[in-house]
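Structure first, then comments.
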Amino acid sequence: MNTKSFVSKLNQITRALLSMTPAQREVVHQSIQASCTEITMDELIQPLFNVLSQCPHCQSTHLKKWGKSGVIQRYRCKACRKTFNNKTDTPLARLHKPHIWEEYAHCMVLKLGSVVDNCCPFKWN
Ligand SMILES: [Zn+2]
């Protein structure tokens with residue numbers, strides 16, 4: 001799927017999800033989970049990063065791949081020479097336990113307040 005089609009489909013899906021109740025969103029979520037293998041945070045973020053394709057420091061679009069940190073692709077900006085990855089300058093940057101944050105975000109989307117209230121996100125970083 002090319003980038004333009006991806007963005008168009010993403011907008012359609014977002015509008016549809018926003019019109020649903022939390023219970024209906026949970027049914028969609030469970031259906032997706034049952035139909036596919038585990039999707040990592042990077043698999044979710046990378047397409048959005050590819051659409052933006054700009055340096056988080058100076059917004060230049062002149063980027064070069066700059067090795068990997070583990071499995072995460074790093075980039076170097078040709079304008080400011082700073083390096084970054086697809087999570088730099090986002091709330092997901094420098095997290096040591098991103099899988100726990102995924103669960104936390106999922107609970108927030110479903111408005112499961114009692115589960116979220118019992119969590120301590122400050123210990124997860
Ligand atoms: Zn830059």
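Every read-out reported here was derived from the displayed coordinates using simple, explicitly stated rules and does not represent laboratory data. Please read all numbers here as calculations on a predicted model, not as lab measurements. Glycine gets a Cβ as well: all are built from the backbone with ideal geometry, and neighbour counts include every protein chain shown.
Brief remarks on what is shown
- Taking the number of Cβ atoms within 10 Å of each Cβ as an exposure proxy, the fewest-first ranking of Asp42, Asp89 is Asp89, Asp42.
- If you plug the beta carbon distance of Lys97 and Thr61 into 1/(1 + (r/R0)^6) with R0 = 30 Å, you get a FRET efficiency near 0.40.
- Efficiency of FRET from Cβ geometry, Val71 and Met108, R₀ 22 Å, rounded to 0.05: 0.25
- Nearest 10 degrees, 0 to 90: helix 22-35 Cα axis against the chain principal axis: 70
- The chain: most fluctuating residue of Pro91, Pro22, Pro47 per GNM, C-alpha cutoff 10 Å: Pro91
- Spatial extent of the chain: Rg and Dmax, with the Cα atoms as the point set, Å: 16.9, 47
- Straight-distance crosslink candidates among lysines, where the alpha carbon sits under 26 Å from Lys65 and sequence neighbours closer than 8 are dropped: Lys4, Lys78, Lys82, Lys87, Lys97
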